[in-house]
Amino acid sequence: MRYFIGADHAGIEIKAFVKKLFENLGHEVEDLGPFDKTRVDYPDFAAKVCEAVLENEGTKGILICGTGLGMSMAANKFDGIRAALCHNDFSAAMAREHNDANILCLGERVSGYGVIESIVNTWDSHKFQGGRHAGRVEKINKLGSCRI
Ligand code: RB5
C-alpha cells in the first residue's frame, strides 16, 4: 500500500517514527511535511495529504497533530475522505473493518510511542469487512456534498 503522511509542529516528533513503522510493515510512505518544527497550521497539511490520497487511487493517508482532532476535522471536509482519529486499538480495528477509513489520524500529545505502534499494527492487520458496512460507507460518501 502507498501512504502519504503529514503533520503539524505538534505532531512532527512522532511523524518519522510512524513513517518507519509503516515502512517496516512493507508500505511505501511519502512524507508531505512539515520538515522542521516551525509553527504551521494543521489544515494546510491535512489538505496536502487528502489531495494526494484523492489524486492517487488506492492510496491512504496518515495525519498527526497534537490531539489528532484538528487533522480529522479538516480531513473529513474532503469528499471521499474517511479520516479516523484513533487513540486505541479498538478504534483502529473498527475504523478499518466497519468504516473503511482511508486516513489514520493520531494525536502526539495524547498517545505515547507504544500506544501508537500498537494502533499502527492494528490498523494494518484489519481489513474492511464490507457486507452491511458497505452500504453505510456508501451513505457517508453521498453526504460529501450535503448543504443545508
Ligand atoms: C497545535 O497547537 C494544536 O492545536 C494542533 O496540533 C492540534 O492539536 C489541533 O487539533
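The values are calculated or read from the model by the stated rules, or taken from the named source; none is laboratory data. Keep in mind it's a predicted model, so treat the numbers as computed, not measured. Cβ placement follows ideal geometry from the backbone for every residue including glycine, while neighbour counts extend to all protein chains displayed.
When the criteria are applied in full, T38 fails the requirement of being at pLDDT 95 or above and within 22 Å of L21 (Cα to Cα). Considering segment 1-91, the qualifying strands (runs of 3 or more DSSP E), each wholly inside and each with 2 or more residues that are without any contact (Cβ under 8 Å) to a residue 40 or more places away in the chain, run over 28-31, 83-85. The set of residues from segment 95-148 being free of Cβ contacts under 8 Å to residues at least 60 places away in the same chain, under 12 Å from the mean Cα position of the chain (by Cα) and assigned to a helix (DSSP H, G or I) comprises A95, R96, I119, W123.
Can you confirm whether V49 is within 18 Å of F22 (Cβ to Cβ), out of contact with any Leu (no Cβ under 8 Å at 6 or more places or on another chain), away from the ligand (no atom under 13 Å from the Cβ) and of a type in the set (A, V, I, L, M)? Taking the combined requirement at face value, the residue does not satisfy it. In this structure, L69 does not satisfy being more than 20 Å from H27 (Cα to Cα) and at pLDDT below 95.
If only residues of segment 4-31 that are hydrophobic (A, V, I, L, M, F, W, C) and within 16 Å of the ligand (Cβ to nearest atom) are counted, the one that is surrounded by the most Cβ atoms within 10 Å (Cβ to Cβ) is A7.
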